[in-house]
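Working notes for the structure below.
The values are calculated or read from the model by the stated rules, or taken from the named source; none is laboratory data. Note that the coordinates shown come from a computational prediction; the quantities given were computed from them, not determined experimentally. Every residue, glycine among them, receives a Cβ derived from its backbone with ideal geometry; neighbour counts consider all protein chains shown.
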Amino acid sequence: MKHLILGLLLCATITAAAQAPYTISLKKAANQPAPALQSFCIAVQNGLWLVVGGRTNGFHGTAGSGSTFPSSESNKFIWVIDPVNNKSWKGNIPTALQYQLSSTNIAFYQDGNTLYCIGGYGAGCANDGCYQTFGQITAIDVQRTIAGVQNGFALNNYITTTQDSRMAVTGGYLVKLNDWFHLVMGQNYTGKYSGAVTGKYTEQIARFKISTSGGNPVVSNYTTITTGEQYNGANQFHRRDYPSVTMVMPANRNVGVGVFAGVFNNQGGPFVNPVYFEDMGFNTLARVDTSFKQRFCMYDCAAISCYNSATTEAYISFIGGITDWYIDDNGNEVPGNASNFMPWFNRVSTIVRTANTTKEYPQKNTTLPGYIGANAAFIIAPNTPVMSKTTDVIDYARLGSGNTLIGWMYGGIEATAPQSSGLNPTNSSGTIYEVWLQKN
């Protein structure tokens with residue numbers, strides 16, 4: 001849910017003096033078996049992708065009296081995608097779960113063979129009524145659900161759910177650090193979505209464990225982490241729809257999480273200071289990095305996390321999406337302004353973080369195949385080396401010196417121009433791109 005509120009920023013031009021340690025490029029994959037979706041949940045097993053929830057249309061818009069999230073554009077199926085063999089299958093969502101599992105912006109995390117889906121926003125009854133953020137935690141048996149979809153079985157016995165009002169979050173992020181799950185920020189939006197109305201933001205990071213009772217997922221040991229820090233009149237945890245990654249922290253090499261950008265502060269723009277948090281076993285420590293102000297790729301988009309053990313640096317790359325600053329035709333870095341406020345972006349931007357500094361490097365000489373990446377997923381290639389205790393932080397030191405296929409980007413929103421309109425529409429994407437990393 002990304003309502004773009006127009007505002008006026010002072011125009012300026014800044015030119016970066018350096019570049020990231022690598023260049024990311026995209027190439028359309030030879031096989032294209034996937035449906036056009038955005039804002040979905042995804043799990044991966046044995047080269048197959050299990051896809052749940054999300055939407056089949058593009059940017060939702062905010063004008064008009066009709067629904068901005070019509071159920072006619074909801075993803076009403078559970079999909080299995082085989083990108084290698086160019087196949088896909090779809091199965092029916094169990095009736096008891098049809099509303100939550102066809103909703104958008106569900107927080108999700110794959111824990112081994114279980115895909116946990118929390119919250120999500122959408123219609124909760126027929127005829128586009130009862131719009132809500134779902135207070136549910138749902139557990140999907142990945143292996144059995146994939147097999148069930150491929151063979152046309154009913155999926156009721158492979159998916160379980162529990163009502164829990166604390167899980168009513170959309171536009172947030174779910175991650176597991178050590179034995180603890182963390183449901184990060186987001187909001188609870190009730191009623192038909194309108195740009196003039198905001199939901200109730202959680203302004204917290206919830207920390208809990210998930211167990212099973214009677215076959216259903218159960219939340220226990222629930223606590224919250226908050227902050228009193230402010231940015232432009234809003235709490236620093238007053239965020240949703242941000243890009244976030246698991247990462248290795250350069251200061252102590254502990255595995256933690258980086259929360260980048262997101263919306264909205266009280267001036268209608270994005271947040272610019274990253275939030276980092278780590279699970280310390282007995283508690284979770286979070287801090288806002290006010291020493292750095294992010295300028296590019298401010299919304300949920302496909303993201304890549306790397307760690308370089310040789311230099312103790314973390315690299316986080318964001319693929320397109322919606323930006324604050326942009327690159328003009330002359331290669332200059334320009335802040336968003338009244339004529340081009342928070343545009344769709346057609347470049348990759350990389351953040352380089354050391355123990356003491358954070359710098360940002362947009363790729364000026366390489367553009368993406370289009371204005372793509374928003375609400376898309378990055379799927380790491382199975383032979384890509386990863387850091388210990390992670391499944392998705394690339395071990396940069398172990399990558400070769402050539403151009404390396406590190407994974408794929410799938411789905412999301414594709415725009416036709418920096419500013420979308422009736423003449424410049426947006427659509428959901430079914431395109432699978434190979435993601436290549438070339439060390440500079």
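Annotations
- Scanning region 418-431 for residues that are outside any loop (DSSP other than H, G, I, E, B) and buried (at least 19 other Cβ atoms within 10 Å of the Cβ) gives Thr426, Ser428, Ser429.
- In region 32-49, the condition of being in contact with a Lys or Arg (Cβ under 7 Å, 6 or more places away or on another chain), buried (at least 21 other Cβ atoms within 10 Å of the Cβ) and at positive phi is met by at least one residue.
- Contact map, region 296-315: residues that are touching a residue at least 12 places away in the same chain (Cβ under 8 Å) and crowded, with 24+ Cβ neighbours inside 10 Å paired with residues that are among the aliphatic types (A, V, I, L, M) and part of a loop (DSSP other than H, G, I, E, B), Cβ distance under 6 Å, separation 6+ or inter-chain. Pairs shown: Met298/Ala261; Ala302/Ala376; Tyr307/Met387.
- For Tyr193, the criteria (1) within 30 Å of Thr68 (Cβ to Cβ); (2) out of contact with any Phe, Trp or Tyr (no Cβ under 9 Å at 6 or more places or on another chain); (3) not aliphatic (A, V, I, L, M) hold in every case but one, which is (2).
- Highlighted here are the strands (runs of 3 or more DSSP E) found entirely within region 66-170 that include at least 1 residues which are over 23 Å from Tyr410 (Cα atoms) and touching a strand residue (DSSP E or B) at 6+ places or on another chain (Cβ under 7 Å): 121-125, 129-133, 136-141, 159-163.
- Look at region 29-47: where a residue is within 17 Å of Thr431 (Cα to Cα), no partner that is modelled with pLDDT under 95 and crowded, with 16+ Cβ neighbours inside 10 Å sits 6+ places away or on another chain with Cβ atoms under 6 Å.
- Taking region 238-264 as the range and being of a type in the set (A, V, I, L, M, F, W, C), part of a strand (DSSP E or B) and within 22 Å of Thr312 (Cβ to Cβ) as the test, the residues that pass are Val245, Met247, Val248, Val255, Val257, Val259.
- Lone qualifier among Thr323, Thr391 - being under 18 Å from the mean Cα position of the chain (by Cα) and surrounded by fewer than 14 Cβ atoms within 10 Å (Cβ to Cβ): Thr391
- Residues of region 383-417 classified as without any contact (Cβ under 8 Å) to a residue 60 or more places away in the chain, farther than 22 Å from Lys27 by Cα and not in a loop (DSSP other than H, G, I, E, B), total: 2
- Every residue from region 187-207 that is of a type in the set (Lys, Arg), outside any loop (DSSP other than H, G, I, E, B) and in contact (Cβ under 8 Å) with a residue 40 or more places away in the chain: Arg207
- The single condition from (1) under 20 Å from the mean Cα position of the chain (by Cα); (2) free of Cβ contacts under 8 Å to residues at least 24 places away in the same chain that Phe282 fails is (1).
Residue-wise test of (1) touching a residue at least 60 places away in the same chain (Cβ under 8 Å); (2) more than 23 Å from the chain's Cα centre (by Cα); (3) surrounded by 22 or more Cβ atoms within 10 Å (Cβ to Cβ).
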{"position": "Arg144", "(1), (2), (3)": "no, yes, no"}
{"position": "Ala154", "(1), (2), (3)": "yes, yes, no"}
{"position": "Thr162", "(1), (2), (3)": "no, yes, no"}
{"position": "Met185", "(1), (2), (3)": "yes, no, yes"}
{"position": "Lys209", "(1), (2), (3)": "no, no, no"}
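- Hey, Glu434 under 27 Å from Phe69 (Cβ atoms), charged (D, E, K, R) and either in contact (Cβ under 8 Å) with a residue 40 or more places away in the chain or assigned to a loop (DSSP other than H, G, I, E, B) (or both) or not: no
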